[in-house]
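Below is one structure; the comments refer to it alone.
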Amino acid sequence: MVLLSKPTTEQFTYVRNNNMSTTFSSSIPLVDLSKPDAKNLIVKACEDFGFFKVINHGIPMEAISQLESEAFKFFSLPLTEKEKAGPANPFGYGNKKIGLNGDVGWVEYLLLTTNEEHNFKLYGRDIEKFRCLLKDYKCAMRNMACKILDLMAEGLKIQPKNVFSKLVMDKESDSIFRVNHYPACPELAINGKNLIGFGEHTDPQIISLLRSNNTSGFQISLRDGTWISVPPDHSSFFINVGDSLQVMTNGRFKSVRHRVLANGINPRLSMIYFGGPPLSEKIAPLPSLMKGKESLYKEFTWFEYKNSTYGSRLADNRLGNYERIAAS
Ligand SMILES: C=C1C[C@]23C[C@H]1CC[C@H]2[C@@]12CCC[C@@](C)(C(=O)O1)[C@H]2[C@@H]3C(=O)O
Ligand SMILES: O=C(O)CCC(=O)C(=O)O
Ligand SMILES: [Fe+2]
């Protein structure tokens, strides 16, 4: 006899369904990349939130939709097929487990490098189209990250303009691409609970460019600890400041704490480009931003920081180990 195990959500983390966690914010900073004041709005948003929404980004909707549809096709394959592209250690297909230290979420994903084309395998399946769309999309994301990072430098009035962008444009750049699929969880629609899709964390790299379908679930944490739901918008990009950029600006820009809650009715599909520096790059405040002030951080390389994140839980304050406590 075959015993079919009943799908269970018991091992997952729920968060309280209070009013705060379901507040939809209309105050998310909005940046129109085609306007001349974009650079100043970006700087303000990075200081206040470490997060903003971008419109007029120049990425054709067609390219986004085609990739999204290939991704949905992939996630609709039988689990045994998808697992041929796994496990995600770190690259490949992953399911429910995030990282190596016990974080779980109502999510499945593909984690891919950006410098290789053939980095996931699905024997016997025609994924040429997926591969091809991914290649072009990753290239478009790198260019958009470059443009936004240049605007940050301009807005901060620091030279050269490419101080940040040169790191993601470097051929050794350690950037990654992630496609997350959060299946609808009908149990939630019934009991009104909030189930964690992707636990709270800050992104460790320099900058993250996120695009999702129109399903809600993404939340950012404000400085006072309240969670704000970000209204989804499939035609825009959402930008996260990463820990490395926080350090390079000596804490002037803040990396944003964020999480994803699962949805009871609709599946969510998000595609995120994480722009990272070369492994050997020293991550330290830029002298032009110090103005006689001391560095708030101990010096480290991206290699060291990335390795330390592997030993941590998602919610840990990973930069904490690198903060310099002023001697009293
Ligand atoms: C090669 C990777 C994989 C990363 C990003 C980058 C460096 C560190 C990894 C982790 C480790 C901790 C969880 C995670 C979610 C995180 O934030 O940093 C992981 C992330 C990912 O699995 O996407
Ligand atoms: O899937 C999302 O919308 C965000 C996930 C996320 O924060 C991440 O992959 O780092
Ligand atoms: Fe993230």
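Rule-based calculations on the coordinates, nothing more; no lab input. Because the structure is predicted, anything quoted here is derived from the model rather than measured. Backbone-built Cβ (ideal geometry, glycine too); neighbour counts: all protein chains shown.
Any chance the stretch 219-235 includes a residue that's touching a residue at least 40 places away in the same chain (Cβ under 8 Å), assigned to a strand (DSSP E or B) and within 14 Å of ligand 1 (Cβ to nearest atom)? The answer is no, given that none of the residues of the stretch 219-235 is touching a residue at least 40 places away in the same chain (Cβ under 8 Å), assigned to a strand (DSSP E or B) and within 14 Å of ligand 1 (Cβ to nearest atom). Only one of the listed residues (165, 69, 76) is touching a Gly at 6+ places or on another chain (Cβ under 9 Å) and free of Cβ contacts under 8 Å to residues at least 24 places away in the same chain. That residue is 165.
Residues in the stretch 158-186 that are more than 16 Å from ligand 3 (Cβ to nearest atom) and not in a loop (DSSP other than H, G, I, E, B): 7 in all. When the residues of the stretch 187-218 are filtered to those that are part of a strand (DSSP E or B) and without any contact (Cβ under 8 Å) to a residue 60 or more places away in the chain, the one that is farthest from residue 62 (Cα to Cα) is 218.
For the stretch 244-256, the condition holds for at least one residue, the condition being that it is among the hydroxyl-bearing types (Ser, Thr, Tyr), within 16 Å of ligand 3 (Cβ to nearest atom) and touching a residue at least 40 places away in the same chain (Cβ under 8 Å).
To keep it simple, each residue is scored yes or no on (1) within 16 Å of ligand 3 (Cβ to nearest atom); (2) among the acidic types (Asp, Glu); (3) in contact with a strand residue (DSSP E or B) (Cβ under 7 Å, 6 or more places away or on another chain).
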| position | (1), (2), (3) |
| --- | --- |
| 188 | no, no, yes |
| 195 | no, no, yes |
| 204 | yes, no, no |
| 210 | yes, no, yes |
| 214 | no, no, no |
| 218 | yes, no, yes |
| 221 | yes, no, yes |
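Determine if the stretch 288-296 includes at least one residue that is surrounded by fewer than 20 Cβ atoms within 10 Å (Cβ to Cβ), free of Cβ contacts under 8 Å to residues at least 24 places away in the same chain and more than 18 Å from the chain's Cα centre (by Cα). Scanning the stretch 288-296 turns up at least one residue that is surrounded by fewer than 20 Cβ atoms within 10 Å (Cβ to Cβ), free of Cβ contacts under 8 Å to residues at least 24 places away in the same chain and more than 18 Å from the chain's Cα centre (by Cα).
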